[in-house]
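Novice: One structure follows; several queries about it will come next.
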Amino acid sequence: MFILLSPAKSLDFVTPAPVKTTSALLFEKDALYLASLAARLSSSQLQTMMGISPTLADLNVERFAAIVNQSAIAKQAIFAFDGDVYTGLQAQDLSVRSLNYLQKHLRILSGMYGILRPFDLMYAYRLEMGSSLKNSAGASLYAYWSDKLSGYLQEEVSASRSKAVINLASEEYAKAVKLKSLGVPVIHPVFQDYSKGQYKVISFFAKRARGSMARYCAEHQIKKPQQLKEFDVDDYRYCEEESSETKWVFRRRLA
């Protein structure tokens, strides 16, 4: 079973990683190529392309230059990302056994790195999958990554004889993969909270829940998708009547 997750915009390259285990990037040449393209852009061009502030654009000009010049500091991906999803994951205090599970089963989709395994060493960057960065394959990162990511995951799923893929990635990242081509059921967990008389997806809570589910998989060494229906972290419960074969709804009603 494989788990797909999105990266985060927020990064932490200050806190020391709790383990020293590392692994090499799967698409290193591709990442360096895309970094070199981004490094050619001015701060104002990055600002326009990514919809970010001038300060963030300046920061990423420096980041891309450091990557190209090979002066950037690297850190394992699972400890480098620091957004809401990773607050739910809380990788810093996972056991070695749980981290090893994630290294085997978790794949983080990335606009620059393609696919990151938890221990893969990455550099600080910001390049969202939805960015319109012109490249050798077309005008977007989807054009660049779609076949590469789909092909790689097809091979991994087949080689490991996995029975399913759990998609915890956002729509922006999940659509970079041709999920129907993977040859196994792709399950999409949906997290809903009760608010103003109805159940709905609240982005902040849903992001944390996706990270919490990845953590749950690691702590319980989940091997079969059906085991995920027992997920009850932070009072979420599987709602069978609202779920379908591949869309699994988890609901929470806080007092």
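Bear in mind that the values in this text are calculations on the coordinates, not laboratory data. All of these numbers come straight from a predicted model, not from anything done at the bench. Reconstructed Cβ throughout: ideal geometry from the backbone, glycine too, with neighbour counts over all protein chains shown.
Novice: Shape call for segment 20-90 from the C-alpha gyration tensor, a ≥ b ≥ c root eigenvalues: rounded (a/c under 1.5), prolate (a/b greater than b/c) or oblate? Walk me through the numbers on the way to the answer.
Specialist: Details: a/c = 2.25, a/b = 1.30, b/c = 1.73.
Note, shape of segment 20-90 comes out oblate.
Novice: Straight-line reach from Lys175: which aspartates and glutamates have Cα under 15 Å away, leaving out those fewer than 8 places along the same chain?
Specialist: Those aspartates and glutamates meeting the cut-off are Glu128, Asp147.
Novice: In debye to the nearest 20, how big a dipole does the chain give about its Cα centre with +1 on each Lys and Arg Cβ and -1 on each Asp and Glu Cβ?
Specialist: Details: 32 positive and 25 negative charges, 69 e Å.
With Lys and Arg at +1 and Asp and Glu at -1, about 340 debye.
Novice: Mind checking which of Asn135, Ala72, Thr246 is farthest towards the positive end of the chain's charge dipole, using Cβ charges of +1 (Lys, Arg) and -1 (Asp, Glu) about the Cα centre?
Specialist: Of the listed residues, the answer is Thr246.
Novice: Considering the zone a paramagnetic label at Lys9 would reach in this model (a point 7 Å from Cα along the Cα-to-Cβ line), which residues of segment 29-57 have amide N under 16 Å from it?
Specialist: 46-57
Novice: Out of all DSSP beta bridges in the chain, what portion is antiparallel? Express it as a percent rounded to 5.
Specialist: Numbers: 13 of 28 bridges.
Bridges in the chain that DSSP calls antiparallel: roughly 45 percent.
Novice: Another question, if that's okay. Once the Cα atoms of helix 203-219 and of the chain are each reduced to a long axis, what angle between those two axes, in degrees from 0 to 90 to the nearest 10, is obtained?
Specialist: So the helix axis and the longest Cα principal axis differ by about 80 degrees.
Novice: Using the Kirkwood formula over every pair of different C-alpha atoms, what hydrodynamic radius in Å results for segment 1-128? Walk me through the intermediate numbers first.
Specialist: Values: mean 1/r = 0.0665 Å⁻¹.
When all Cα pairs of segment 1-128 are included, the Kirkwood radius is 15.0 Å.
Novice: Lys104: which lysines have alpha carbons under 19 Å from its alpha carbon, excluding same-chain residues fewer than 8 sequence positions away?
Specialist: Reachable lysines: Lys20, Lys75, Lys163, Lys223, Lys224.
Novice: Given R₀ = 35 Å, what would the calculated FRET efficiency be for Glu245 paired with Lys196, taking r from the Cβ atoms and rounding to 0.05? Can you show the working numbers first?
Specialist: Values: r = 30 Å, r/R0 = 0.85.
Efficiency at R0 = 35 Å is approximately 0.75.
Novice: Would you be so kind as to identify which of Phe13, Ile115, Ile187 lies farthest towards the positive end of the dipole of the chain, taking Lys and Arg as +1 and Asp and Glu as -1 on Cβ and the Cα centre as origin?
Specialist: Selected residue: Ile187.
Novice: Another question, then. Quick check on packing: order 192-202, 174-184, 39-49 by the mean number of other C-beta atoms within 10 Å, highest mean leading.
Specialist: On the way: 192-202: 13.1, 174-184: 17.1, 39-49: 15.5.
Descending mean neighbour count gives 174-184, 39-49, 192-202.
Novice: Now a separate question. Determine the gain in length on full extension of the stretch Ser36-Thr87; use 0.36 nm per residue of separation and subtract their C-alpha separation, reporting nm with one decimal. Walk me through the intermediate numbers first.
Specialist: Working: separation 51, 0.36 × 51 = 18.36 nm, distance 3.07 nm.
That works out to 15.3 nm of additional length.
Novice: For segment 206-255 and segment 72-97, write down the distance between their C-alpha centroids in whole Å.
Specialist: 20 Å
Novice: A follow-up question, please. Would you tally the net charge around Ala124, using a Cβ to Cβ cut-off of less than 13 Å, leaving Ala124 out, and scoring K and R as +1, D and E as -1?
Specialist: +1
Novice: Net charge around Pro189, counting only other residues with Cβ within less than 11 Å of its Cβ (Lys, Arg = +1; Asp, Glu = -1)? Display every interim value, and only then the final one.
Specialist: Values: positive: Arg210, Lys229, Lys247; negative: none.
Computed value for this residue: +3.
Novice: When you take every Cα atom in segment 52-117, what is the radius of gyration, and what is Dmax, the widest Cα pair distance, in Å?
Specialist: Rg then Dmax for segment 52-117, in Å: 14.3, 42.
Novice: Where does the chain land at 222 nm, in deg cm²/dmol rounded to the nearest 500, when only DSSP H runs of n ≥ 4 count, each adding -39500 (n - 2.57), divided by all residues? Intermediate values should be presented prior to the final figure.
Specialist: Working: 9 runs with 96 residues, N = 255.
Computed mean residue ellipticity for the chain: -11500 deg cm²/dmol.
Novice: Classify segment 79-212 from the C-alpha gyration tensor, please: rounded if a/c falls under 1.5, else prolate or oblate depending on whether a/b exceeds b/c.
Specialist: Values: a/c = 1.34, a/b = 1.22, b/c = 1.10.
Here segment 79-212 falls in the rounded category.
Novice: To one decimal place, what orientation-averaged projected area in nm² is obtained for the convex hull of the Cα set of the chain?
Specialist: On the way: hull surface 56.9 nm².
Seen from a random direction, the Cα hull of the chain projects 14.2 nm² on average.
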